[in-house]
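Since the structure comes first, as structure tokens, the remarks are kept for the end.
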Amino acid sequence: MQLVRQNEEKAAKTWKRHSGVRARAIVAVLLIAALGSACAAEPDDRGGGAGRSGDGGGGGGGPVESATEKPDRGGPGPGVEAARKADAAKKAAAAVTKSQALRAVAAKKWKLAKTPLAAPPPPAVKPKITTRKGFEVTGGATLPPVITNVPTKEKVVFLTIDDGSEKDPELLRMMAELKIPYSAFLSDYVIRDDYAYFKKMQARGVSLQNHTLTHPYLPGLSYEKQKKEICGQQDKIKKRYGKRPELFRPPYGNYNADTLRAAKTCGVKAVPLWSSEAFPDHMEWREWDRDLHPGDIVLTHFRGDEEWKGSMPDMIRYVMKKITDKGYAVAKLEDYV
């Protein structure tokens, strides 16, 4: 009996080993049969049967394309792209309409004669800036350009405000609600008593630029002293507001070759002067025709009732009437220079 039991156990082990082999063999046979069936179902592309659509019956592999449906290999077609552009333009127009409606409400609140016009989108590429004829200095080809006007065909002008002496909170609210862009050219000696005022201005999207530390007559100073005035203010603005200005306006609009050389060493890219100056009750003009032109830079100052016949909001009301009456919008200088 023991011998029979041993033989049975040995036979069982042998069966297990061979059954695994048999199972694998069966799976292999089934797989080969399935592949053969798939090949039989595939059209013959070497003749006889129907060849693959589009390949002339010559085979060659790759995805099968029908005559009417082909994969999109080049992104959206012209119709889809045109629809997207039309939709984007429609949304942009709706945004401008909404913005102008809000402007109209603000214009009424702040007693403007007319609602300010909407500026066109900024240029995709900034225009090339060169020094105005008659404003050159010796060796100025490599120095920051001095300009009074930005080359553009758009009916836009640029509003700039100098020094920082008057800190009228009404100006901040008025300009923010009217959405009128402007650039502030600051002198440290008059802003140091209230740096926070200009921080609020910056938070409203205003660019803070350089107008020297103490507002001196620069051509009367040595190169080193001019550099201290300009670079010193670069450092002050960087420390207080986080960014070194790229634009610099010399006090009184006076400069020489040393001024521009010093400005360049401090990181200045351009020197915008102005073509007209705004007050609460009149304009002063640099140009012979006493008029606005596309790309003109308009100067005014942080002043108030003590020095003017009116407040800063009065000045904005006056200059915006002149600008709007002539069909111009105010754009942001830094978008163009």
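Observations on the model:
- Computed on the range 84-129, the Cα convex hull volume stands at 88 Å³ per residue.
- Proximal lysines relative to K90, as straight alpha-carbon distance under 20 Å, when same-chain residues fewer than 8 apart are discounted: K98
- Residue-count net charge about L143 - beta-carbon cut-off 12 Å; Lys, Arg +1, Asp, Glu -1: +1
- Hits among lysines - C-alpha to C-alpha of K111 under 17 Å, sequence gap 8 or more where chains match: K179, K321, K322
- Extreme residue, positive dipole direction of the range 101-242, given options I147, F135, P120 (C-beta unit charges): P120
- Over 13 Å [Cα-Cα, the range 90-158], rounded percent: 74 percent
- Net charge dipole size for the range 211-337 [Lys, Arg +1 and Asp, Glu -1 on Cβ; Debye, nearest 20]: 720 debye
- Rounded, prolate or oblate (a/c below 1.5 giving rounded, otherwise prolate when a/b exceeds b/c) for the range 175-292 by Cα gyration tensor: oblate
- Residue pairs exceeding 30 angstrom between C-alpha atoms, taken from K91/K153; K155/K239; K85/K114; K153/K269; K109/K238: K155/K239; K85/K114; K109/K238.
Just so you know, all these numbers are worked out from the coordinates, no wet-lab data involved. Only a predicted model underlies this, so the values are computations on that prediction, with no experimental measurement involved. Neighbour counts run over all protein chains shown; Cβ positions are idealised from the backbone, glycine included.
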